[in-house]
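Engineer: Next up is a structure, given as structure tokens.
We did not get these values from a lab; they are worked out from the coordinates using the rules stated. Bear in mind the structure is a predicted one, so any value in this text is a computation, not a measurement. Cβ placement follows ideal geometry from the backbone for every residue including glycine, while neighbour counts extend to all protein chains displayed.
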Amino acid sequence: MKVKPRDIPALLKAIKPDVRAVLVFGRDEGLARERADLISKQVAPDLSDPFQVAKPSNDDVKNFPSLLLDEVSAISMMGGRRLVRMDGVGNEVTEAAKLVLESSQGDGVLVMTAGDLKPASGLRKLLENAKTALAIPCYEDNARDLMGLVHSVLADAGLTATQDAVTYLVDNLGSDRMISRGELDKLVVYKGQGGGQITLADAEACVGDTAALGLNQIAEAVTAGNLIQLEKLLERARVSGENAIAVIRTLQNRMMRLHLARGYVETGMSAGEALGKLRPPVFFGERDKFQREVSMWSVRKAEQALGILMEAELDCKTTGSPADVICARALLRLTKAAR
């Protein structure tokens, strides 16, 4: 069965007894692993229990497809349903998974995680079309997902957060669930469990080095004309292996917001009114800085900047030249233009 996004929260709490196999897949591997763990713990609360949990390797299942059915059919030594868990699978296990779904032997549950399987993927189609299987997609976290994650992690630690701290976290956590949870766990350790409130200062002190904040900081340095800050951030991005296209697109998004706000100003609005029309709204802690940048970038200048960024992205994809060099050259050019 192909699971719809609105049905996922309920399934993470309770799957039906007749489900024999679950596939959790998508670009966000951290989220896929997290959801697979929640479903797995419905079957085996202790995922490290060797008497109730089997973890066959992908190679073994590929070479001996019947092995998967044998594991699902086996009786748990300590009672209860048996869990068979496989991570990082692909179409090579399709035949083995088909044997499990076509059989009624045993009451074990097969839970698999996979990367970004295309709609034509044999494994994905098999699970989506089977009545006793679930295919759960995992996409990058959006703002609503991140807000839910923030409140969940903090509540589990007995912590609360001010509204501006929550807004900051949602704006600056990345789209990868594993990285976002790691950043929040770091914040919990910093603040300590068992009560207390996370402030904006706490959030700023802990979140940023490895989250999406790095890309936002690069974009802000460019539009503000801060060459010294840009050089530091670009070096950090290079060392961490940040994707040049992601850097360019983050700056494109910021430049488009500046272009839109400046367009409102040039029709007669005040800068404050122009910022108020942007969606999503500008974070209140950045309003003054963003408003200054609106005054620095005319509509024509912003359009030229967007053209330079589009050309840089195209060059990264087609010329064969080092993408980080192309990206850095474009960003330095725009930073100087801002100055």
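Engineer: Tell me, which residue of region 116-128 that is in contact with a Lys or Arg (Cβ under 6 Å, 6 or more places away or on another chain) and in a loop (DSSP other than H, G, I, E, B) is nearest to Lys2 (Cα to Cα)?
Structural biologist: Restricting to residues being in contact with a Lys or Arg (Cβ under 6 Å, 6 or more places away or on another chain) and in a loop (DSSP other than H, G, I, E, B), the top hit is Leu117.
Engineer: Going residue by residue through region 158-169, is there one that turns out to be surrounded by 15 or more Cβ atoms within 10 Å (Cβ to Cβ), over 28 Å from Pro281 (Cβ atoms) and among the small types (Gly, Ala, Ser)?
Structural biologist: No, every residue in region 158-169 fails to be surrounded by 15 or more Cβ atoms within 10 Å (Cβ to Cβ), over 28 Å from Pro281 (Cβ atoms) and among the small types (Gly, Ala, Ser).
Engineer: Would you mind listing the helices (runs of 4 or more DSSP H) fully within region 229-326 where at least 3 residues are among the charged types (D, E, K, R)? Before the answer, list the steps.
Structural biologist: Working: elements: 244-265, 271-276, 287-296, 299-318.
Hits in region 229-326: 244-265, 287-296, 299-318.
Engineer: With respect to the numbered conditions (1) more than 16 Å from the chain's Cα centre (by Cα); (2) buried (at least 21 other Cβ atoms within 10 Å of the Cβ), which one is the sole condition not fulfilled by Thr132?
Structural biologist: (2)
Engineer: If the requirement is being of a type in the set (D, E, K, R), under 28 Å from the mean Cα position of the chain (by Cα) and farther than 21 Å from Leu38 by Cα, which of these qualifies: Asp70, Asp156, Asp171, Asp87? Even if it seems obvious, please write down each step before you answer.
Structural biologist: Values: Asp70 fails: under 28 Å from the mean Cα position of the chain (by Cα); Asp156 fails: farther than 21 Å from Leu38 by Cα; Asp87 fails: farther than 21 Å from Leu38 by Cα.
The conditions single out Asp171.
Engineer: Tell me, which helices (runs of 4 or more DSSP H) lie completely within region 1-115 with 2 or more residues that are more than 14 Å from Ala135 (Cα to Cα) and among the hydrophobic types (A, V, I, L, M, F, W, C)? Don't jump to the end; show me each part of the working.
Structural biologist: Working: elements: 8-13, 29-43, 58-63, 66-73, 94-102.
The qualifying helices (runs of 4 or more DSSP H) are 29-43, 66-73, 94-102.
Engineer: Let me ask you something else. Within region 307-336, track down each residue that is farther than 16 Å from Met256 by Cβ and either in contact with a Ser or Thr (Cβ under 8 Å, 6 or more places away or on another chain) or β-branched (Val, Ile, Thr) (or both).
Structural biologist: The answer is Asp315, Thr318, Thr319, Val325, Ile326, Thr335.
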